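A short write-up of the structure that comes next.
The values are calculated or read from the model by the stated rules, or taken from the named source; none is laboratory data. Since the structure is predicted, the reported quantities are computational estimates derived from the model, not experimental observations. Backbone-built Cβ (ideal geometry, glycine too); neighbour counts: all protein chains shown.
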Amino acid sequence: MGCTRINSTRTTIAPTPPVPTAVQGDTAAGISEARQAARAFTDSLTPAPGPDMADTLVLVVSELVTNALRHGGGHYTLELSAGPDTVTAAVSDPNPAHPRERTPDLNGGSGGFGWHMIRRLTNHLTITPRSGGKTIHAQLPR
């Protein structure tokens, strides 16, 4: 009795990199839109990041966009991108001044927590001057 040998090859399809997402806004409603864009972006990643990473990205985006609206000239552009090991949120605004840390207001509700959170939650943070403003790149591990 003869033996037939079948060679099978496994085909592995590498995930395609996600299409970068860009959102612009100049009102408080833009904060919600930016959060929704960040959530949709993480949901589109293959392999999907864990829920903690996705929540962290949404929080970082929310704080960056809020700061851009409050302190950066009232307008922002958010760009989301991902590499094999990282996810990056880049927020541009028309104010060239770098963010500054301030003591959080624990009683009056006037803020001061955002920049501290952003710095703590990201693994790499850069501020790049550009013509007519700056871009803050916040990178998180995927």
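Filtered by the rule that a residue be among the aliphatic types (A, V, I, L, M) and in contact (Cβ under 8 Å) with a residue 24 or more places away in the chain, region 113-142 gives Met117, Ile118, Leu121, Ile127, Ile136, Ala138, Leu140.
Hey, can you tell me all the residues within region 102-142 that are in a loop (DSSP other than H, G, I, E, B) and aromatic (Phe, Trp, Tyr)? Within region 102-142, Phe113 is the sole residue that qualifies. Checking Thr21, Thr11, Thr86, Thr16 one by one, the residue that is in contact with a Leu (Cβ under 6 Å, 6 or more places away or on another chain), of a type outside the set (D, E, K, R) and at pLDDT below 95 is Thr21 and no other. Within the bounds of region 117-130, is there any residue that is farther than 18 Å from Ala28 by Cα, out of contact with any Leu (no Cβ under 7 Å at 6 or more places or on another chain) and crowded, with 20+ Cβ neighbours inside 10 Å? The answer is no; no qualifying residue exists.
Just one of the listed residues (Val65, Val61, Val91) is crowded, with 19+ Cβ neighbours inside 10 Å, part of a helix (DSSP H, G or I) and touching a Phe, Trp or Tyr at 6+ places or on another chain (Cβ under 8 Å), namely Val65.
Every condition in (1) surrounded by 14 or more Cβ atoms within 10 Å (Cβ to Cβ); (2) over 21 Å from Pro49 (Cα atoms); (3) out of contact with any Phe, Trp or Tyr (no Cβ under 8 Å at 6 or more places or on another chain); (4) modelled with pLDDT of 95 or more holds for Gly111 except the one numbered (4).
Kindly check whether there is at least one residue in region 75-82 that is surrounded by fewer than 16 Cβ atoms within 10 Å (Cβ to Cβ) and either assigned to a loop (DSSP other than H, G, I, E, B) or aliphatic (A, V, I, L, M) (or both). There is no residue in region 75-82 that is surrounded by fewer than 16 Cβ atoms within 10 Å (Cβ to Cβ) and either assigned to a loop (DSSP other than H, G, I, E, B) or aliphatic (A, V, I, L, M) (or both). Is it the case, given these coordinates, that Pro99 is part of a loop (DSSP other than H, G, I, E, B), touching a His at 6+ places or on another chain (Cβ under 9 Å) and surrounded by 12 or more Cβ atoms within 10 Å (Cβ to Cβ)? In short, yes.
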